[in-house]
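Undergrad: Here it is, the structure in full.
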Amino acid sequence: MKHILVTGSTGTLGRPVADLLTAQGHHVRGLSRRPGAAHQGDLVTGAGLDAALAGVDTVVHCASDTRRQGKTDIAGTRNLLDAAARAGHPHVIFVSIVGVDRIPFPYYRIKLDVEGLITAYGGTTLRATQFHEFVLSGARLAAKLPLVFAPDVDVQPISTADVAARLAELAADPVPGRADDLGGPEVLHAPDLFRSYLEAIGSHRRVVPVRLPGAAFRAFRDGAHLTPAHRSGGERWSGFLGGTAVKR
Ligand SMILES: NC(=O)c1ccc[n+]([C@@H]2O[C@H](COP(=O)([O-])OP(=O)(O)OC[C@H]3O[C@@H](n4cnc5c(N)ncnc54)[C@H](OP(=O)(O)O)[C@@H]3O)[C@@H](O)[C@H]2O)c1
C-alpha cells in the first residue's frame, strides 16, 4: 500500500480520486487550502507542501485554478515539484485535457506548459475528455435563456469515477511520460446532450446549435478534444443524468 498525496482533493475529480485510493487501502492525504483540512497547503505560496509531502511515494495532482482559467497553475505546479524533489522524488501523476496541444484556449496552453513541467520532472500525464459535471454546468448555464444555444460540436463526456479509476491504476503501476488518453464511452452531439438535460428537468425549450467562430472552435469541430479510440467502459451521459439529482 502506498502513501499518496492527492492535490485538489476537495474538487470535482480529486474527491472521487481520494475516496477510491482510500477504498483501495492506500494511505491517502488530501491537500486543500481550506482551514481545518487535514493537510492544509497552498500550491501558490508553497505553504504546507513540505509537511504534506513528507513520506509520500506518489502524488496525484488534480488541483487547478479552474475559476481563473489556470492563472496560478504553472507557479503552483513548480512549487509542488520543487517540494516533491526535496521529499525524495515521489512519482507525480498529472491530469490534463485531451487536445490541449491542438486547441488554442488560454487555459489549454497553460495545461500544456504544466505537462512540460511534469515531463521534465519524470512524472506521468493523463489527458481526459470533458467530465459529465462540466458538460452539465454548460447545459445549466445555456438553459437560463429562453432559447438554449448549444455549440455545434461533438463531445465525449466521461465520468469522474472512470478518470479516478485510471489515475488509481497509474498510481499503482506508474508509466513515465504520457499515458494513453482517456475519453468517455460515447461521442455525442452537444445539442443532443443539452436536449437530454432539458428533458431530464422537464423543460420544453428549443435547443439552437451555434457554430462559433475562431481557431479554437474550428479545432473543436475537427474533434481535437475527442479520443474515440480510447473509450472508457464506464458510465454514459444518460446514466449520469438518470443517477444525478439534476436540478435546473
Ligand atoms: N472539468 C473537466 O471537464 C476536465 C476534463 C479533463 C481534465 N480536467 C482537469 O482535472 C483537474 C481537476 O478539475 P476539477 O474540475 O476537479 O477542478 P475543481 O473542481 O475546480 O477543483 C479544483 C481543486 O484545486 C484546488 N486548488 C486550487 N488552487 C489551489 C492552490 N493554490 N493550492 C491548493 N489547492 C488548490 C482546490 O482546492 P481548495 O479550494 O480546497 O484549496 C480544488 O480542490 C484540473 O486539472 C482540470 O484541468 C478537467
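Undergrad: Taking the condition of being farther than 15 Å from residue 167 by Cβ and either assigned to a strand (DSSP E or B) or without any contact (Cβ under 8 Å) to a residue 12 or more places away in the chain (or both), how many residues in segment 46-64 meet it?
TA: Looking only at that region, the number is 1.
Undergrad: Taking segment 74-99 as the search range and keeping residues that are in contact (Cβ under 8 Å) with a residue 40 or more places away in the chain and farther than 19 Å from residue 160 by Cβ, which one is surrounded by the fewest Cβ atoms within 10 Å (Cβ to Cβ)?
TA: Top of the filtered list is 74.
Undergrad: Next question. Determine which member of the set 215, 219 is open to solvent by less than 60 Å² (accessible area, probe 1.4 Å) and either under 12 Å from residue 153 (Cα atoms) or among the basic types (Lys, Arg) (or both).
TA: On inspection, the qualifying residue turns out to be 219.
Undergrad: Residue under question is residue 67, and the condition is that it be more than 8 Å from the ligand (Cβ to nearest atom), open to solvent by 70 Å² or more (accessible area, probe 1.4 Å) and basic (Lys, Arg); does it hold?
TA: Here the answer is no, as residue 67 does not meet what is asked.
Undergrad: Here's a follow-up. Within segment 196-205, is even one residue free of Cβ contacts under 8 Å to residues at least 60 places away in the same chain and under 14 Å from residue 138 (Cβ atoms)?
TA: yes
Undergrad: Across segment 108-138, which residue is surrounded by the fewest Cβ atoms within 10 Å (Cβ to Cβ) among those that are under 14 Å from residue 75 (Cα atoms) and in contact (Cβ under 8 Å) with a residue 12 or more places away in the chain?
TA: Here the residue is 113.
Undergrad: Residue 77 - would you say it is within 13 Å of the ligand (Cβ to nearest atom), among the polar types (S, T, N, Q) and assigned to a loop (DSSP other than H, G, I, E, B)?
TA: For residue 77, the condition - within 13 Å of the ligand (Cβ to nearest atom), among the polar types (S, T, N, Q) and assigned to a loop (DSSP other than H, G, I, E, B) - is not met.
Undergrad: Anything in segment 7-42 that is in contact with a Ser or Thr (Cβ under 8 Å, 6 or more places away or on another chain), open to solvent by less than 20 Å² (accessible area, probe 1.4 Å) and not in a loop (DSSP other than H, G, I, E, B)? List them, or say none.
TA: Hits for segment 7-42 are 14, 17, 18, 31, 32.
The values are calculated or read from the model by the stated rules, or taken from the named source; none is laboratory data. Everything numeric in this text was worked out from a predicted model, so none of it was measured. Counting neighbours? That spans all protein chains shown, and the Cβs are built from the backbone with ideal geometry, glycine included. With ligands, DNA and RNA removed, areas are computed over all heavy atoms of the protein, side chains included. Shrake-Rupley method; radii C 1.70, N 1.55, O 1.52, S 1.80 Å.
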